[in-house]
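The values are calculated or read from the model by the stated rules, or taken from the named source; none is laboratory data. None of the values given here were measured: they were computed from a predicted structure. Using ideal geometry, Cβ is built from the backbone for each residue, glycine included, and neighbour counts are taken over all protein chains shown.
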Amino acid sequence: MTSRALLDYARLLEVIAQETELLAGSYLPERAGEVVPACQGLTLQKVVRHVAEQYRRACHWIERGLRPELPLPPMHTDPVEDLREAAGELLGVLALGEPETAAASWWPQDRSYGFWARRMAHESTVHRVDVQSAAVLPQEEIAEDVAVDGIDEVLTLWYGHRLTQLGVVGSLPAAVGVRSGERHWLTQAGAQGTTARRVGSGDLDEAAAVVTGSPEAVYLWLWGRRPDQAVGSTGDYDARAQLWALLRLATR
């Protein structure tokens, strides 16, 4: 399978490197125990540790071809040092391949180096926002190209695939469109499961509701990091609310 990302491979690796440094620079040791509301009670320190572990888990998948069965222990007592070393290892591994290079993954539609580059780019971006928010620091903007790719990933991977893995379906049969930047997506929920796909603007006519907004606002709203007021919408409120609620189950 080839990479499904909307960003090219070099850009994804650049995002991982940049977001790692932003995350590292936003970690304040004196606030290590501060709870991060969006991360189910995790503290600032645990979020940084979590990202470092996800980098190491990605390397395990790529190099060994299977999911790690146990949590991978940190390489350093300092969480920032651990994060940076894990990022260096990940980027070194990813640099050995191309986006289409085969690699085991948990998404059957994309078993490639590109999957991991994309997944870790958004892992680091979303959690960098979490840490900056919890540490009450100014939030660095998310570039439009990164946010658009992130919208695509959260819809097609998490909503369209992860919910099926969990056996979760929608109680309200409804299609919801998402429009941001120059891109459009159509999601569908119902008793048969959930799906999401890229579409043309005319395909949103069949949607019960349509969510709109800047790429950054829509990206972070879909990830549960922004309130309803951050995005606009038309149509059936219940259909839109179901999309958001199902994503909370998919991404937790």
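Within the range 29-53, the set of residues being in contact (Cβ under 8 Å) with a residue 12 or more places away in the chain, part of a loop (DSSP other than H, G, I, E, B) and surrounded by 15 or more Cβ atoms within 10 Å (Cβ to Cβ) comprises E34, V36. Taking the conditions exactly as written (within 30 Å of Q109 (Cβ to Cβ), touching a Gly at 6+ places or on another chain (Cβ under 7 Å), of a type in the set (A, V, I, L, M, F, W, C) and outside the structural domain of W223 (by TED's automatic domain parsing)), does A95 satisfy them or not? Against the criterion (within 30 Å of Q109 (Cβ to Cβ), touching a Gly at 6+ places or on another chain (Cβ under 7 Å), of a type in the set (A, V, I, L, M, F, W, C) and outside the structural domain of W223 (by TED's automatic domain parsing)), A95 does not qualify.
Selection of the range 64-82 for residues being surrounded by 13 or more Cβ atoms within 10 Å (Cβ to Cβ) and not in a loop (DSSP other than H, G, I, E, B) yields P79, V80, E81, D82.
Could you say which residue among Y159, Y237 is more than 24 Å from V15 (Cα to Cα) and either of a type outside the set (D, E) or crowded, with 22+ Cβ neighbours inside 10 Å (or both)?
Working: Y159 fails: more than 24 Å from V15 (Cα to Cα).
Testing whether each residue is more than 24 Å from V15 (Cα to Cα) and either of a type outside the set (D, E) or crowded, with 22+ Cβ neighbours inside 10 Å (or both) leaves just Y237.
From the list E89, E140, E85, pick out the single residue that is assigned to a loop (DSSP other than H, G, I, E, B), within 18 Å of T20 (Cβ to Cβ), at pLDDT 95 or above and of a type outside the set (S, T, N, Q). Only one candidate passes the filter, namely E140. Of the residues making up the range 145-153, none is out of contact with any Leu (no Cβ under 8 Å at 6 or more places or on another chain), in the same structural domain as Y219 (by TED's automatic domain parsing) and either exposed (fewer than 15 other Cβ atoms within 10 Å of the Cβ) or among the hydroxyl-bearing types (S, T, Y) (or both). Just checking, does the range 105-118 include any residue being of a type in the set (G, A, S), outside the structural domain of A189 (by TED's automatic domain parsing) and assigned to a loop (DSSP other than H, G, I, E, B)? Yes, that holds for at least one residue.
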